[in-house]
Structures are given as C-alpha cells and as structure tokens.
Amino acid sequence: MGRSSKDKRDIYYRLAKEEGWRARSAFKLLQLDDEFDLFKGVNRAVDLCAAPGSWSQVLSRKLRGQEEKGEEVKIVAVDLQAMAPLPGVTQIQGDITKVSTAQEIIRHFEGKPADLVVCDGAPDVTGLHDVDEYIQAQLLLAALNITTHVLKGGGTFVAKIFRGKDVTLLYSQLKIFFSGVTCAKPRSSRNSSIEAFVVCQNYSPPEGYVPNMSNPLLDHSYNVDFNQLEGPNRVIVPFLACGDLSAFDSDKNYPLQLDADKQYQYTPPTQPPICPPYQQACHLRKNNLLSREDASSICPSQSQDEPGPT
Ligand SMILES: C[S@@+](CC[C@H](N)C(=O)[O-])C[C@H]1O[C@@H](n2cnc3c(N)ncnc32)[C@H](O)[C@@H]1O
C-alpha cells in the first residue's frame, strides 16, 4: 500500500497531518466545541487518556490562544503512555483509575477544581463487541469517578462512549451527576463506528456525595436489561450530530487533489507516538522474542514506517 493511500481513504487523517494535529481525533473535539462551546470561560482543563496528544493540542491552542491569557490557563494531560511535550500542558504519566492521579491533578491546579474534563479513553479493542463495549463502559466510569474528584460544580465533562446495548445504564449514571447529558456524534467520527461522545453539563453531584475511586457503578446490576424500562424509569438522552453537512464525511473516500489550484503533497505524521505498545509487540514478534521473560522492558527505537495520526 502506498504512503498516500490512507490520505485518500481517510480525509481527517490527511487533514490532521496537514494542520499539524497528532491524531485525527482532534477534529472530533473541535466539532464538539463548535456545537457546545465547550471552551468558553475555561481556565483549568484536564485531558484524560491523552496520548498521543491531539486533544491536548486542541486545548492548548484554544485555551492559550492569546498570549495574555496563556498565563492563567492550566492544562493537565494524563495517560498510561508517555507523550511528547506540548506548550502549556503538564503531563502525568499515570492511570486514571488511581486516586493518586486525581491528587496529582489537583496539585497542579494548586487546589482549585477544573472547569472542564475531557476523556477520549479507549482500551485496546479485542474485536469481541460485548467485551469491548463493557471495557469501554468501565473506562468511562473510571473517568467519571476521577472527574468527581477534580471538577468544579457547574463544570463540563466530555467522554467517549460506545453506543452498545447497555448504554442506557451509563446515561442513568451520568444523569446522577450532571443535569444536562447529551450524546453527540461529530462528523469526523465514522458512521460505521458505535463511537459517540457524551457531553455532560452542569456538574451537580447528589447532596453529600463523597468522591470515591472504588465505585464500580456499572457492576451492581449490569445484567438488568435497562432498555426494557419505560416511562419515567427510562433515561433517554438527546442524540445530536455535530458538524454541518458541508463538513467532510469520515466514511467517504476523497481524491488526493482536493483543491484544483493546489497540487497534492504527502505530509509526514506530526508527532509519532513515543514507544507505543504495538511497536514493542511488532519488534518482539519480528525478532522471535515473544517468549523471553525480560522482553517487556524492551522498547525498540522509533521506526521510519511508524503510523501517523491515529
Ligand atoms: C484513543 S487514545 C486517545 C487519543 C487522544 N485523545 C488524542 O487525541 O491524541 C486512547 C488512550 O487511552 C489511554 N488509556 C487507556 N486506559 C487508560 C487508563 N486506565 N489510564 C490512563 N490512560 C489510559 C491509552 O493509553 C491511549 O493512549
């Protein structure tokens, strides 16, 4: 496959490189912002599950736009993986399920709560849909848990969600903490994917709620079929498509020469990920090292054919 074939197949992948974003996901947050005005009045923002960093780039560019404001703005990015530095973004290489990570975020904000928490977290997909949906739901709940430690009253939480069969239960749980919950699908998120984003506005936890990391909300009654509930017992959240019809369609192929006056030129990836797990796996397999006990500590150097925006 030629270098340009992915540019042709995936217009947002190509635009991400041309505009200097580390991943095509940047457009998802930008399109969500177009619809919900997420960044208005935000000085402290948290990007959970941030690597390779395109959402942090969006936060950095949008919140620190003007130099004078740059000083007041604090952005914290958290991921299990290492991430190349970004201007104005403090990085924590850590796990969002740990209370110590919440404490570290609060330390960076000097005790003040965040105005906005975003989470594009995704586990490695297995291809077994039920398992993937369940793990994604658990990650979303972990993000909600850590958010209850760091978000200010009235603040906003945005997170990736898989619209699987038990999504109604997740909506109910989010509605406990936020008065406004909307499910949104940006144009840059493929129609063929069950991915969407919950935009949760006006954080207002139940009175007396004490943030608590050992709160596996979903586990209590995951087997109940919440989709069978009716009337006031059933939570139905609005579903909104973000981005107007003139935006590029993420499921369509586009010609390489988009503009008649501008010749197509291949753009290399903006910032390849730092030592991602798949790179290590490829290296181990290629060198027949998969069975070696000390193999997990091997991090091969970045190779030239590294994929670009994800
Ligand atoms: C789809 S990527 C995020 C892309 C990112 N929003 C961007 O725009 O560049 C999902 C990330 O979730 C991270 N992740 C998964 N589980 C996590 C956890 N428990 N704590 C922290 N990060 C986690 C993965 O390491 C991965 O980097």
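We did not get these values from a lab; they are worked out from the coordinates using the rules stated. Fair warning: this is a prediction, and the values are worked out from it, not measured in the lab. We place every Cβ from the backbone using ideal geometry, glycine too, and count neighbours over all the protein chains shown.
Computed quantities for the displayed model
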quantity: Largest to smallest principal axis extent of the C-alpha atoms in segment 5-242, angstrom; calculated: 51, 48, 29
quantity: Long-range amide H partners of LYS74 with built H, under 5 Å; calculated: ARG44, ALA45
quantity: Under 5 Å, built H, 5+ apart or other chain: amide partners of CYS275; calculated: none
quantity: Förster radius 25 Å - calculated FRET efficiency between ASP95 and TYR278 (Cβ-Cβ, nearest 0.05); calculated: 0.85
quantity: Of all DSSP beta bridges in segment 5-242, antiparallel share, percent nearest 5; calculated: 35
quantity: Under 5 Å, built H, 5+ apart or other chain: amide partners of PHE178; calculated: SER204
quantity: Sorted by Cβ density within 10 Å, fewest first, the residues LEU144, LEU245; calculated: LEU245, LEU144
quantity: Full-stretch length increase - SER179, LEU245 - with 0.36 nm per residue and alpha-carbon distance subtracted; calculated: 20.8 nm
quantity: For segment 177-187, 3J(HN,Hα) per residue [Karplus equation, 6.51 cos²θ - 1.76 cosθ + 1.60, θ = phi - 60°, Hz, x = Gly/Pro]; calculated: 9, 10, 6, x, 10, 10, 9, 10, 10, x, 4
quantity: Highest to lowest packing among 154-160, 236-242, scored as the average C-beta count within 10 Å; calculated: 154-160, 236-242
quantity: Extension reserve of the GLU71-LEU258 stretch, reckoned as 0.36 nm per residue once the Cα distance is removed; calculated: 63.4 nm
quantity: Rounded to whole Hz, the Karplus (6.51, -1.76, 1.60) HN-Hα couplings of segment 161-173, x for glycine and proline; calculated: 9, 9, 7, x, 6, 9, 5, 4, 5, 4, 4, 4, 5
quantity: Over 30 Å (Cα to Cα) - which of LYS17/LYS74; LYS40/LYS165; LYS6/LYS185; LYS160/LYS286; LYS8/LYS165 fall in this group; calculated: LYS40/LYS165; LYS160/LYS286; LYS8/LYS165
quantity: Per-residue ³J(HN,Hα) for segment 274-279, Karplus 6.51 cos²θ - 1.76 cosθ + 1.60, θ = phi - 60°, Hz, x for Gly and Pro; calculated: 8, 6, x, x, 5, 5
quantity: Cα-based shape type of segment 166-207, given that a ≥ b ≥ c are square roots of the gyration tensor eigenvalues and the cut on a/c is 1.5; calculated: oblate
